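Chemist: What follows is a structure written as structure tokens; I'll ask about it next.
The values are calculated or read from the model by the stated rules, or taken from the named source; none is laboratory data. Since the model is a prediction, treat every value here as computed from it, not as a measurement. Using ideal geometry, Cβ is built from the backbone for each residue, glycine included, and neighbour counts are taken over all protein chains shown.
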Amino acid sequence: MTARLYVVGGAVRDALLGRAASDRDWVAVGATPEEMVAAGYRPVGKDFPVFIDPRNGEEVALARTERKSAPGYHGFSFHADPAVTLEQDLARRDLTINAIAQAEDGRLIDPYGGRRDLEQQVLRHVSPAFVEDPVRLLRLARFAARLPHFSIAAETQALLAALVESGEVDALVPERVWQELSRGLMEGKPSRMFEVLRGCGALARLLPEVDRLWGVPQPPEHHPEVDTGAHLLLVLDQAAALGAPLTVRWACLMHDLGKGTTPPEQWPRHIGHEARSAALARAVAQRLRVPNDCRELADAVAREHGNVHRCGEFGAAALLRLIERCDAIRRPQRFAELLLACECDARGRAGREAEAYAQAPRLAAALAAALAVDTAAVAAVAAERGLKGPAIAALIHAARSEAVAAALMDRSGFAG
């Protein structure tokens, strides 16, 4: 086979940044599909020729060009043949830092200045064709969250706004929006993604429920940063700093949506925002087809984060009711994630990032006390007394409440 193979994209970029690359993408220049198959490569591509290298199981795509043929992410036609050059293939990529190739002998091919932009810490589009694919806007925002010290070139920023104004962003399918948002949330500084989306007007199109949090004040005695949008960004970065999983980070993004619907005459108070937040979070989850684990935790956090923050004022009965509303007896791991989301919320306030969150160990210990109750033994005693159904459940609830109360009295066994 006469094809020339090159590593392209993220693996080259990450190597130049001194970062570990999870996988490598290859491009084959100067080959036909028939030649690839004859050389032992297994075809797997549906939309364009992609093959599996029999030597290492890595994907190899034929060099190709693309042309816009319809609105949206799927509106492209591809052309691949031996005459397509490496430079032409690289030209269809989104950012210059992703348009660097490396030959098998280690030589770098960088026709669009990607190495320069890496050195200068700039995110820059490769060509004006950037505006043809709305996913590129989401990808750039995600890269901004991964590389928060990188600036966005002024001409690229103008193209982001053009993507929004043209309506291309509105053509994004929910699954792709969720995919890019979820990946961006898992980057080192997720707030940067939302700053980029908001700066070009895309956030108002994709997540208007989030966008309208900016300009909404909160009580300064609880929120030194005052602005609800500013608070949200601090919460997201706290989630990243604490290594939270995606479920928690999504719940953090959704937890205060109801504040965006508080009538201005009620500012800076937001009475009842928890229920409104939960309803809006459910609507967003349905629209973007968010996975169940993320949507369920977001719903619970939106409803109960205020009560979790106030749990230091609760007695045993109120603590147990909170635990039961959160379904913590049945799902203790999800309850731990709920507490982590609440901790991110509490620490996502200007100047309070390092404060301890005593509510988490308090509720964790209360749950442990409730779980330690031998419910089978309580049920057996109840059955001997001829009790059934709701009466047995009431006795179990009472036993758990007593256990939580005992834990409250035991300083050595209760972190409160």
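Chemist: For segment 12-21, indicate whether the set of residues that are aliphatic (A, V, I, L, M), within 23 Å of Phe143 (Cβ to Cβ), crowded, with 19+ Cβ neighbours inside 10 Å and modelled with pLDDT of 90 or more is non-empty.
Modeler: Filtering segment 12-21 for residues aliphatic (A, V, I, L, M) gives 12, 15-17, 20-21.
If we keep only those that are within 23 Å of Phe143 (Cβ to Cβ) too, we end up with 12, 15-17, 20-21.
Cutting the leftovers down to crowded, with 19+ Cβ neighbours inside 10 Å gives us 12.
From what's left, modelled with pLDDT of 90 or more: 12.
Yes, segment 12-21 contains at least one residue that is aliphatic (A, V, I, L, M), within 23 Å of Phe143 (Cβ to Cβ), crowded, with 19+ Cβ neighbours inside 10 Å and modelled with pLDDT of 90 or more.
Chemist: Can you spot a residue in segment 257-266 that is assigned to a helix (DSSP H, G or I) and closer than 18 Å to Arg176 by Cα? Give the derivation first.
Modeler: Start the filter on segment 257-266 by keeping residues that are assigned to a helix (DSSP H, G or I), which leaves 257-261, 264-266.
Filter once more, so that each one left must be closer than 18 Å to Arg176 by Cα: none.
Checked against the condition, which is being assigned to a helix (DSSP H, G or I) and closer than 18 Å to Arg176 by Cα, segment 257-266 yields no hits at all.
Chemist: Would you pick out the residues in segment 33-43 that are more than 13 Å from Asp81 (Cα to Cα) and either exposed (fewer than 12 other Cβ atoms within 10 Å of the Cβ) or aromatic (Phe, Trp, Tyr) (or both)? Don't jump to the end; show me each part of the working.
Modeler: If we filter segment 33-43 for residues that are more than 13 Å from Asp81 (Cα to Cα), which is where we start, we get 37-43.
Across segment 33-43, the qualifying residues are Ala38, Tyr41.
Chemist: May I pose another question? If you go through segment 115-124 one residue at a time, do you hit one that is of a type in the set (S, T, N, Q), out of contact with any Asp or Glu (no Cβ under 9 Å at 6 or more places or on another chain) and closer than 23 Å to Arg249 by Cβ? Reasoning before the result, please.
Modeler: Keep residues of segment 115-124 that are of a type in the set (S, T, N, Q), which gives 120-121.
Filter once more, keeping what is out of contact with any Asp or Glu (no Cβ under 9 Å at 6 or more places or on another chain): 120-121.
Remaining after also requiring closer than 23 Å to Arg249 by Cβ: none.
Looking through segment 115-124, none of the residues is of a type in the set (S, T, N, Q), out of contact with any Asp or Glu (no Cβ under 9 Å at 6 or more places or on another chain) and closer than 23 Å to Arg249 by Cβ.
Chemist: Does Arg146 satisfy the condition of being in contact with a His (Cβ under 8 Å, 6 or more places away or on another chain) and on the phi < 0 side of the Ramachandran plot? Step through it out loud before you land on a result.
Modeler: Numbers: in contact with a His (Cβ under 8 Å, 6 or more places away or on another chain): no; on the phi < 0 side of the Ramachandran plot: yes.
No.
Chemist: Please verify whether segment 269-279 includes one or more residues that are surrounded by fewer than 22 Cβ atoms within 10 Å (Cβ to Cβ), of a type in the set (Lys, Arg), closer than 25 Å to Leu163 by Cβ and touching a helix residue (DSSP H, G or I) at 6+ places or on another chain (Cβ under 6 Å).
Modeler: Taking every residue of segment 269-279 in turn, none turns out to be surrounded by fewer than 22 Cβ atoms within 10 Å (Cβ to Cβ), of a type in the set (Lys, Arg), closer than 25 Å to Leu163 by Cβ and touching a helix residue (DSSP H, G or I) at 6+ places or on another chain (Cβ under 6 Å).
Chemist: So Trp214 ticks every box in (1) over 22 Å from Ala279 (Cα atoms); (2) out of contact with any Pro (no Cβ under 9 Å at 6 or more places or on another chain); (3) in the same structural domain as Gly258 (by TED's automatic domain parsing) but one. Which box is left unticked?
Modeler: (1)
Chemist: Can you tell me which residue within segment 74-89, out of those that are under 31 Å from the mean Cα position of the chain (by Cα) and part of a loop (DSSP other than H, G, I, E, B), is modelled with the lowest pLDDT?
Modeler: Gly75
Chemist: Moving on to the next point. Restricting the search to segment 115-138, which residues are in a loop (DSSP other than H, G, I, E, B), free of Cβ contacts under 8 Å to residues at least 40 places away in the same chain and crowded, with 19+ Cβ neighbours inside 10 Å? Talk me through it step by step, then tell me what you get.
Modeler: First pass over segment 115-138, keeping only residues in a loop (DSSP other than H, G, I, E, B): 121, 124, 126-127, 133-134.
Subsequent filtering for residues that are free of Cβ contacts under 8 Å to residues at least 40 places away in the same chain retains 121, 124, 126-127.
Within segment 115-138, Arg124, Val126 meet the criteria.
Chemist: Same structure, new question: Exactly one condition in (1) assigned by TED's automatic domain parsing to the domain that holds Leu17; (2) surrounded by 21 or more Cβ atoms within 10 Å (Cβ to Cβ); (3) hydrophobic (A, V, I, L, M, F, W, C) is false for Val169; which is it?
Modeler: Unmet for Val169, out of (1) assigned by TED's automatic domain parsing to the domain that holds Leu17; (2) surrounded by 21 or more Cβ atoms within 10 Å (Cβ to Cβ); (3) hydrophobic (A, V, I, L, M, F, W, C): (1).
Chemist: Name the residues in segment 329-367 that are small (Gly, Ala, Ser) and without any contact (Cβ under 8 Å) to a residue 12 or more places away in the chain, would you?
Modeler: Ala354, Ala356
Chemist: For segment 231-256: of the residues being among the hydrophobic types (A, V, I, L, M, F, W, C) and part of a loop (DSSP other than H, G, I, E, B), which is farthest from Asp293 (Cα to Cα)?
Modeler: Start the filter on segment 231-256 by keeping residues that are among the hydrophobic types (A, V, I, L, M, F, W, C), which leaves 232-236, 239-242, 244, 246, 248, 250-254.
If we keep only those that are part of a loop (DSSP other than H, G, I, E, B) too, we end up with 242, 244.
On the way: Leu242: 19, Ala244: 14 Å.
Here the answer is Leu242.
Chemist: Determine the pairs where a residue that is more than 28 Å from Leu408 (Cα to Cα), located within segment 291-312, has a partner that is in a helix (DSSP H, G or I) and among the basic types (Lys, Arg) with Cβ atoms under 9 Å apart, the partner being 6 or more residues away or on another chain.
Modeler: Asp293/Arg334; Cys294/Arg249; Arg295/Arg282; Glu296/Arg334; Ala298/Arg282; Asp299/Arg282
Chemist: What number goes with the only condition from (1) touching a Lys or Arg at 6+ places or on another chain (Cβ under 7 Å); (2) among the aliphatic types (A, V, I, L, M); (3) closer than 23 Å to Leu185 by Cβ that Ala153 does not pass?
Modeler: Condition (3) is where Ala153 drops out.
Chemist: Here are some conditions: (1) farther than 23 Å from Arg176 by Cα; (2) among the basic types (Lys, Arg); (3) at pLDDT 90 or above. Arg55 meets all but one. Which one does it not meet?
Modeler: Failing condition for Arg55: (3).
Chemist: Given segment 291-404, what helices (runs of 4 or more DSSP H) lie entirely inside it while holding 2 or more residues that are among the β-branched types (Val, Ile, Thr)? Please lay out each step first, then the result.
Modeler: Values: elements: 292-309, 316-325, 332-347, 359-371, 375-384.
Helices (runs of 4 or more DSSP H) meeting the threshold: 292-309, 375-384.
Chemist: Only one of these conditions is not met by Pro71: (1) under 24 Å from Trp178 (Cβ atoms); (2) modelled with pLDDT of 90 or more. Which number is it?
Modeler: Every condition holds for Pro71 apart from (2).
Chemist: Give the residue that is farthest from Ala403 (Cα to Cα), with candidates limited to residues of segment 365-384 that are under 35 Å from the mean Cα position of the chain (by Cα), crowded, with 17+ Cβ neighbours inside 10 Å and small (Gly, Ala, Ser).
Modeler: The qualifying residue farthest from Ala403 (Cα to Cα) is Ala365.
Chemist: Residue by residue through segment 87-145, note down the ones that are in contact with a Ser or Thr (Cβ under 6 Å, 6 or more places away or on another chain) and small (Gly, Ala, Ser).
Modeler: Ala91, Gly113, Gly114
Chemist: Can you find a residue in segment 214-234 that is touching a residue at least 40 places away in the same chain (Cβ under 8 Å), closer than 30 Å to Glu155 by Cβ and not aliphatic (A, V, I, L, M)?
Modeler: no
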